[in-house]
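J.: Sharing a structure below in structure tokens format, with a few things to ask.
Coordinate-derived values only; no laboratory data. Computed from a predicted model, the values in this text were never measured in an experiment. Methodologically, a virtual Cβ is constructed for each residue, glycine included, from the backbone with ideal geometry; neighbour enumeration extends over all protein chains shown.
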Amino acid sequence: MSLKIGISCYPTVGGSGVIATELGKLLAERGHEVHFITSSVPFRLDRVYPNIYYHEVEVNQYSVFQYPPYDLTLASKMAEVVKRQKLDIIHVHYAVPHAICAILAKQMVDHDVKIMTTLHGTDITVLGYDPSLKDIIKFGIEKSDLVTAVSDDLVQQTRELVSTDKPIETVYNFIDERVYMKREVADLKEHYRLQEDEKILIHISNFRPVKRVSDVIKSFAKISAKVKSKLLLIGNGPELAVARQLAKQLQVEEKVLFLGNQKHIAELLSMSDLMLLLSEKESFGLVALEAMACGVPVIGTRTGGIPEVVVDGETGYLCEIGDTDCVADKAISLLQDAASYEAFSLRGIERVKTIFHSRIIVSRYEKLYQQILLNE
Ligand code: GMT
């Protein structure tokens, strides 16, 4: 049965925006009518797609208000789209503010739209500790018709933080395997002057303190003392200046390439040998999945959902938060052992195909949509 599905997310760079957009694209390919209700065109929606409609939430700054009313404008836009398009479901990404906006929108219309909320971590792990928001997060979760989270760990954390009995289903993230695969990138390597005998490490994030980019630099300094290597840093954010300063201090600045935000991640991963994801909190770690899909093993921290993505000793390694000696030791041994490197790389590709394949995950979401609609 083809459905009319509204999707709201933060459309800018970020894992939740990527997942929301890729899900919308794949649902549209399966014949559903998808309506993005967002403040700008989601950055992955980069061409015209049949079955996809975009409704802009125009947030105006009025001189009388200190803050632009994003939440209320979004709720009104949701109500307008639900009413006009007769949506079956609004699938929101984040409990706060998006689930709250959907609940409000539902009250504004005379049409029984269902609300599905997907938790991505940031709202729960960051906002959940802010007592003033705890109750509204709980409200958003409990008033949704169905709630999913991107890892078992996030389900657990949400339960503990907001003390709710509401069933929360784990639905893992996925990648578009037509994009994330190992590619031929000899020209690109040449462009960046990367040499054949150099190992390439990569870190991709929004450089928030939670990503512990300093640990990435510290680990890399230890690795590069033993293995001829370079580090690619992809992304932008508040810790970028700190990372630059530390690279200088540890005398590895010549070996670190700061490439800023990039669109063609699969190409950059295809020239890389190892990913470092050393976050303090990470409900899933979509970049780790993208890396594995391109045959790049990952060294991650044993935190949040990372251990559900990266299998220690099989598709990468896990180290405790802040243990840069562990990261360096594991990286050096893996990079120096070609046979075991190859096995890690292949197992990563296989794991993505069997557990995180878009076909499996999108079908799971479709089944959950049907389930909500049948529960009427
Ligand atoms: O990692 C971020 O800071 C961005 C954030 C987001 O909301 O886009 O990412 C969260 O959602 C991603 C997609 O589900 C997950 O892969 C990330 O692990 C999660 N980030 C955190 O939990 C810190």
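J.: At a 10 Å Cβ-Cβ cut-off, how would you order Ser63, Ser144, Ser163, Ser363, fewest neighbours first?
T.: Ser63, Ser163, Ser363, Ser144
J.: Then there's this: Starting at the first residue of the stretch 370-375, write each ³J(HN,Hα) from the Karplus equation 6.51 cos²θ - 1.76 cosθ + 1.60 with θ = phi - 60°, in whole Hz, x for Gly and Pro.
T.: Couplings: 4, 4, 4, 5, 6, 6 Hz.
J.: Right, next: Calculate how large, on average over all directions, the projected area of the Cα convex hull of the stretch 1-126 is; give the answer in nm² to one decimal.
T.: 8.1
J.: Take the stretch 47-88, drop everything but the C-alpha atoms, weight them equally and run the Debye formula without solvent; then report log10 I(q)/I(0) at 0.16, 0.18, 0.21, 0.35 Å⁻¹ to two decimals.
T.: -0.54, -0.64, -0.76, -1.17
J.: Mind sorting Ile265, Ile168, Ile321 by how few other Cβ atoms lie within 10 Å of their own Cβ, fewest first?
T.: Final ranking by Cβ density, sparse to dense: Ile321, Ile265, Ile168.
J.: Moving on. By how many degrees, 0 to 90 and rounded to 10, does the Cα axis of helix 213-226 deviate from the longest principal axis of the chain?
T.: The angle comes out at about 20 degrees.
J.: Among all the lysines, which ones have a C-alpha under 30 Å from Lys4's C-alpha, if same-chain residues fewer than 8 places away are not counted?
T.: Lys25, Lys77, Lys83, Lys86, Lys106, Lys114, Lys138, Lys143, Lys166, Lys263, Lys353, Lys367
J.: Based solely on its DSSP helices, what 222 nm [θ] is calculated for the chain when runs of n ≥ 4 H residues each add -39,500 (n - 2.57) and the sum is averaged over all residues, nearest 500 deg cm²/dmol?
T.: Mean residue ellipticity at 222 nm (helix-derived): -13000 deg cm²/dmol.
J.: Between Arg359 and Val13, what is the label-point separation in nm under the 7 Å Cα-to-beta-carbon projection?
T.: Spacing of the two 7 Å Cα→Cβ label points: 3.3 nm.
J.: For Asp165 paired with His111, estimate the spin-label separation in nm (one decimal), with each label point 7 Å from Cα along the Cα-to-Cβ line.
T.: 3.4
J.: How compact and how long is the stretch 233-376, expressed as Rg and Dmax of its alpha-carbon atoms in Å?
T.: Cα-based Rg and Dmax for the stretch 233-376 come out at 17.5, 63 Å.
J.: If I fit a long axis through the Cα atoms of helix 15-29 and take the longest principal axis of the Cα atoms of the chain, what angle between them do I get, 0 to 90°, rounded to 10?
T.: 60
J.: What are the residues whose amide H is under 5 Å from the amide H of Thr38, where those residues sit 5 or more places off or on another chain and H is modelled from the backbone?
T.: His55, Val57
J.: How long are the three semi-axes of the equivalent ellipsoid for the stretch 164-259, computed from the Cα gyration tensor as the root of 5 times each eigenvalue, in whole Å, largest first?
T.: So the equivalent ellipsoid measures 29, 21, 12 Å along its semi-axes.
J.: In what sequence do Leu240, Leu289 fall when counting other Cβ within 10 Å, fewest first?
T.: Leu240, Leu289
J.: For each cysteine in the chain, check whether another cysteine's C-beta sits under 4.7 Å from its C-beta; list those where none does.
T.: Cysteines lacking a close Cβ partner in the chain: Cys9, Cys101, Cys294.
J.: For the stretch 287-356, what is one quarter of the convex hull surface built on the Cα atoms, given in nm²?
T.: Approximately 4.2 nm², given one-decimal rounding.
J.: What Kirkwood hydrodynamic radius, in Å, does the chain give when the mean of 1/r is taken over all pairs of distinct Cα atoms and then inverted? Intermediate results must be reported in sequence, preceding the final value.
T.: On the way: mean 1/r = 0.0464 Å⁻¹.
Averaging 1/r across every pair of different Cα atoms and inverting gives 21.6 Å.
J.: So between Arg302 and Ser132, what do we pick up on full extension, going 0.36 nm a residue minus the alpha carbon distance?
T.: That works out to 58.3 nm of additional length.
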